[in-house]
Amino acid sequence: MSLTLNQFLLLVLTLAAVVVSTVVVIFLLQLRRTSRKAEATLDDISQLVKNLNDISQKANEDLAAASELIESSKKIAGGLADITWFASTKLIRPSSKYWPLLFPLVRMGWRQWKKLKRKEEKNG
């Protein structure tokens, strides 16, 4: 049985159509699997973004609390600087001319107090 040219071309076209349709079906199945995986990945990414937003919000709250702490620390440091300035300019510098007289008296009083304390412990 011999085939005519038209029959042979029809057979080749049919075979080509079957091959093309098979490739298209395989491609569509692979595309479907890929789209499912992409959808699952997008769900995971959405969850991760939500978690990241929660973490960011908590970090911002902690930073706000830290900024309040920093501001109060600045106020405390400023207050201590003012107290130190007052003590050095109003108390220590004016009284520095009396230190040579007061220091030996304080040292002598300290020694006497220690002696008195030792006697009380011995007599105790």
What lysines sit close enough to Lys75 to cross-link, taking a C-alpha to C-alpha distance under 30 Å and skipping anything fewer than 8 places away on the same chain? Lys58, Lys90
Residue-ordered couplings for segment 90-101, obtained by feeding phi - 60° into the Karplus form 6.51 cos²θ - 1.76 cosθ + 1.60 and rounding to whole Hz (Gly and Pro as x), are 9, 10, 6, 4, x, 8, 5, 6, 9, 4, x, 8
Calculate one ³J(HN,Hα) per residue across segment 10-24 by plugging θ = phi - 60° into the Karplus curve 6.51 cos²θ - 1.76 cosθ + 1.60, and present them in order as whole Hz with x for glycine and proline. 5, 5, 5, 5, 5, 4, 5, 5, 5, 5, 5, 5, 5, 4, 5
Under 15 Å, Cβ to Cβ, from Asn60 - net charge with Lys/Arg +1 and Asp/Glu -1: -3
Here are labelled values, (1) 112, 29, 19; (2) 139, 43, 22; (3) 66, 23, 20, and one is the computed Cα extents along the principal axes in Å for what I pasted. Which one? (2)
For segment 63-106, take every pair of Cα atoms, bin their distances at 10 Å starting from 0, and report each bin as a whole percent. 25, 27, 20, 16, 10, 2
Please give me, ordered by residue number, the GluC sites (Glu not before Pro) of segment 32-124 that lie in loop per DSSP and have at most 12 other Cβ atoms within 10 Å. none
Could you go through segment 45-61 in sequence order and give the Karplus-derived ³J(HN,Hα) for each residue, using 6.51 cos²θ - 1.76 cosθ + 1.60 with θ = phi - 60°, rounded to whole Hz, and x for Gly and Pro? 5, 4, 5, 5, 5, 5, 4, 5, 5, 4, 5, 5, 5, 5, 5, 5, 5
What aspartates and glutamates sit close enough to Lys50 to cross-link, taking a C-alpha to C-alpha distance under 18 Å and skipping anything fewer than 8 places away on the same chain? Glu39, Glu61
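We did not get these values from a lab; they are worked out from the coordinates using the rules stated. Just so it is clear, the structure is predicted and the values come from calculations on it, not from any experiment. Quick reminder, even Gly has a Cβ in these numbers, built from the backbone with ideal geometry, and neighbours come from all protein chains shown.
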